[in-house]
Amino acid sequence: MDDIQLKRKQRRKRQRRRRMIFRLILVVIFLLILTLIYFKFIKSDDNNKVSKPVKNEVTWNTMLINKENTVPDSYKSVLVDVDFEDKKDDESYKKVDFRIYSSLKEMFEAAKEDGVNLRISSAYRSRFEQNKILAKKISAYEHDGFSHKKAEKEALKWVAKPGYSEHETGLAVDINRKGRTSSKVAYKWLSDNGYKYGFIKRYPNNKKDITGISNEPWHYRYVGSLISRICKQNDICLEELDDLLKEK
């Protein structure tokens with residue numbers, strides 16, 4: 001009886017995996033069709049900066065950036081201000097890729113309707129800014145008595161090397177609590193609802209052996225609503241998704 005149950009369980013697991021791969025293939029085909037339609041019916045304008053990123057429309061949202069995969073030199077992002085957030089007079093608006101703006105705004109509005117107040121603590125960063133953040137983290141560890149080599153090793157557990165950070169794409173945001181909303185409530189809401197708006201928790205605690213990054217409940221990456229639902233329903237991270245896409 002135990003052997004029969006085990007075989008059934010293994011068969012169900014294989015069936016789920018096949019269904020997931022099939023759904024991923026459909027998503028890729030759908031995005032490819034949209035891209036073909038774009039290039040067939042819309043004339044490209046070399047002077048129109050907003051049109052540049054569309055050349056990567058099939059893969060821009062699933063682009064894998066981590067310790068082994070740098071931001072491609074060919075990748076271009078058109079940035080817009082996150083102007084739906086409050087800011088002080090002496091501050092500048094955070095910036096994101098224009099393709100995620102509406103989804104991000106919709107997610108923040110939905111959270112507010114549920115009584116959860118959120119704020120963006122970090123969005124797009126230039127390579128120069130990323131280098132400053134890493135240097136500051138290394139300096140903090142050195143101040144605590146670590147050697148430079150050890151300090152750099154510890155810092156890289158929390159901060160990506162310049163060129164290897166999702167923040168440089170404009171597709172990632174760090175989201176925290178605001179006002180009377182607690183961090184626990186904010187992160188719980190994001191974990192439960194972020195996928196509905198195309199965002200995934202990029203570094204979940206149960207995937208740190210795969211991502212190489214410690215749990216970051218505030219870091220969310222835009223991948224699109226179809227992909228985010230697949231990741232959520234099957235409990236997979238972007239690295240696992242990338243492996244599945246390569247299998248198709």
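The values are calculated or read from the model by the stated rules, or taken from the named source; none is laboratory data. These figures come from a predicted structure and were not determined experimentally. So basically every Cβ, Gly included, is an ideal-geometry build from the backbone, and we count neighbours across all protein chains shown.
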Quick one: in the stretch 114-154, which of the residues that are among the aromatic types (Phe, Trp, Tyr) and part of a helix (DSSP H, G or I) is nearest to the chain's Cα centre (by Cα)? Phe128
Quick one: which residue in Ser191, Ser225 is farther than 26 Å from Ala155 by Cα, surrounded by fewer than 18 Cβ atoms within 10 Å (Cβ to Cβ) and hydroxyl-bearing (Ser, Thr, Tyr)? Ser225
With the requirement that a residue be in a helix (DSSP H, G or I) and over 9 Å from Val116 (Cα atoms), what does the stretch 175-185 give you? Ser183, Lys184
Filter pass, Val27 being crowded, with 16+ Cβ neighbours inside 10 Å, more than 28 Å from Ser126 (Cα to Cα), at pLDDT below 75 and of a type outside the set (D, E, K, R): yes
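With Ala160, Ala172 as the choices, which residue is in contact with a strand residue (DSSP E or B) (Cβ under 7 Å, 6 or more places away or on another chain), of a type outside the set (Ser, Thr, Tyr) and closer than 22 Å to Cys237 by Cβ?
Ala172
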Filter the stretch 76-113 for residues that are in a helix (DSSP H, G or I) and among the hydrophobic types (A, V, I, L, M, F, W, C) and give the result. Phe98, Ile100, Leu104, Met107, Phe108, Ala110, Ala111
Being within 18 Å of Glu113 (Cα to Cα) and over 14 Å from the mean Cα position of the chain (by Cα) is the requirement here; does Lys188 meet it? yes
Of the candidates Lys95, Lys76, the one satisfying the condition of being at pLDDT below 95, surrounded by 14 or more Cβ atoms within 10 Å (Cβ to Cβ), under 21 Å from Phe128 (Cα atoms) and not polar (S, T, N, Q) is Lys76
The stretch 124-152 residues that are surrounded by 16 or more Cβ atoms within 10 Å (Cβ to Cβ), paired with ones that are part of a loop (DSSP other than H, G, I, E, B) and among the hydroxyl-bearing types (Ser, Thr, Tyr) (beta carbon under 8 Å, 6 or more apart): Tyr124/Ser77; Arg125/Ser165; Gln130/Ser165
Taking the condition closer than 16 Å to Val82 by Cβ and loosely packed, with under 15 Cβ neighbours inside 10 Å, does Ser182 pass? no
